[in-house]
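Visitor: Have a look at the structure that comes next, please.
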């Protein structure tokens, strides 16, 4: 009897949720109708899409966009994921470039902001952009789509170590500098509503004292996550001038308890970066060009990442199992270069 009642309650919730999604779909603006079309074309069977952002600086031929695509082509079980990738273009030239190389593109505008070039971290334009993006994610969740967002924002990692706190350089906030080397989806717990990557993992995937990196995260669409994103957006008014990452760290403990939803954090052994590289080639899923300033430095080191990965995948299964592989990065993206760049700014 209890089992029947539980099934009935679950079914009722699903019907109510489906009705809510249908209502949200009917109420879409013309702009968001275009979004819905893109999402429907790109979605996986479970209504999951992969999202990333792109601006003109990163869209040029032989820039990060090309390396990003290459990583999918040479990664393990990653190439088919390109069919589910939606690129959010932040300016007209990025949108045109996207349409010339990829089937799923959406022009995400932010009123009064020009995203063709780099923006200083925490500038007014930067703060506008990250909050606009957060509200956009809320809309995607309300339409019933899960998403995996992949965009590098290495400046968040600086808060982990006092030697980085002085760094306030010109940063690109539209990076595609996460290289996909293995399919990551098996690492997302079915018991989690939101899964964050971390700049430094403390060993406990459930500990909210991990420092989340909002640049690689997986979010399931459900009432709890929609409520979370609504609260997160509203919390902007509580902390005027702060970016979304800073506000998240201020509200995460209270909000997790308040709506009882589940957050997990990813191990850097699988989801590493230049700040804390994954040491085991047999585990690594993504490599992220964080702790790095300047597009030329990023391009240089990301090319090394892909070359090192090709060297690994060219070996026999026995050679891979024995290990002994190591990354040759960071090379130009090293701490002394960050300090030197800071001194010049």
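The values are calculated or read from the model by the stated rules, or taken from the named source; none is laboratory data. Note that this is a predicted model, so its numbers are computed, not measured. Note that we place each Cβ from the backbone using ideal geometry, even for glycine, and neighbour counts take in every protein chain shown.
Visitor: Which one is modelled with the highest pLDDT among residues in the range 250-268 that are touching a helix residue (DSSP H, G or I) at 6+ places or on another chain (Cβ under 7 Å) and assigned to a helix (DSSP H, G or I)?
Guide: Selected residue: 251.
Visitor: Identify all residues within the range 274-283 that are surrounded by fewer than 23 Cβ atoms within 10 Å (Cβ to Cβ) and in contact with a helix residue (DSSP H, G or I) (Cβ under 9 Å, 6 or more places away or on another chain); write none if there are none.
Guide: Of everything in the range 274-283, those that are surrounded by fewer than 23 Cβ atoms within 10 Å (Cβ to Cβ) and in contact with a helix residue (DSSP H, G or I) (Cβ under 9 Å, 6 or more places away or on another chain) turn out to be 276, 281, 282.
Visitor: Sticking with this one: With the condition kept exactly as written, say whether any residue in the range 281-288 is at pLDDT 90 or above, more than 23 Å from residue 194 (Cα to Cα) and not in a strand (DSSP E or B).
Guide: Yes, some residue in the range 281-288 is at pLDDT 90 or above, more than 23 Å from residue 194 (Cα to Cα) and not in a strand (DSSP E or B).
Visitor: Being out of contact with any helix residue (DSSP H, G or I) (no Cβ under 8 Å at 6 or more places or on another chain), more than 14 Å from residue 148 (Cα to Cα) and surrounded by 19 or more Cβ atoms within 10 Å (Cβ to Cβ) is the filter here, so list the residues in the range 183-204 that pass it.
Guide: Within the range 183-204, 198, 201 qualify.
Visitor: Could you please let me know if residue 298 is surrounded by fewer than 17 Cβ atoms within 10 Å (Cβ to Cβ) and under 18 Å from residue 71 (Cα atoms)?
Guide: The answer is no for residue 298.
Visitor: Checking residue 92 against (1) surrounded by fewer than 19 Cβ atoms within 10 Å (Cβ to Cβ); (2) more than 21 Å from residue 128 (Cβ to Cβ), only one condition comes out false. Which one?
Guide: Going through (1) surrounded by fewer than 19 Cβ atoms within 10 Å (Cβ to Cβ); (2) more than 21 Å from residue 128 (Cβ to Cβ) one by one, residue 92 breaks only (2).
Visitor: Being out of contact with any helix residue (DSSP H, G or I) (no Cβ under 6 Å at 6 or more places or on another chain), part of a helix (DSSP H, G or I) and modelled with pLDDT of 90 or more narrows it down to one of 136, 149, so name that one.
Guide: Just one listed residue meets the conditions, 136.
Visitor: So in the range 324-339, with the set limited to residues that are exposed (fewer than 12 other Cβ atoms within 10 Å of the Cβ) and over 17 Å from residue 276 (Cβ atoms), which one is modelled with the highest pLDDT? It would help to see each step written out before you state the result.
Guide: The first filter runs over the range 324-339 and keeps only residues exposed (fewer than 12 other Cβ atoms within 10 Å of the Cβ), leaving 324, 326, 328, 336.
After this cut, where a residue has to be over 17 Å from residue 276 (Cβ atoms) as well, the list is 324, 336.
Values: 324: 92, 336: 55.
My answer is 324.
Visitor: Are there helices (runs of 4 or more DSSP H) fully within the range 1-86 with at least 1 residues that are modelled with pLDDT of 85 or more? List them.
Guide: In the range 1-86, 30-42, 56-59, 64-74 are the helices (runs of 4 or more DSSP H) which contain 1 or more residues that are modelled with pLDDT of 85 or more.
Visitor: What number of residues within the range 205-221 satisfy the criterion of being in contact (Cβ under 8 Å) with a residue 40 or more places away in the chain and assigned to a loop (DSSP other than H, G, I, E, B)?
Guide: Number of matching residues: 8.
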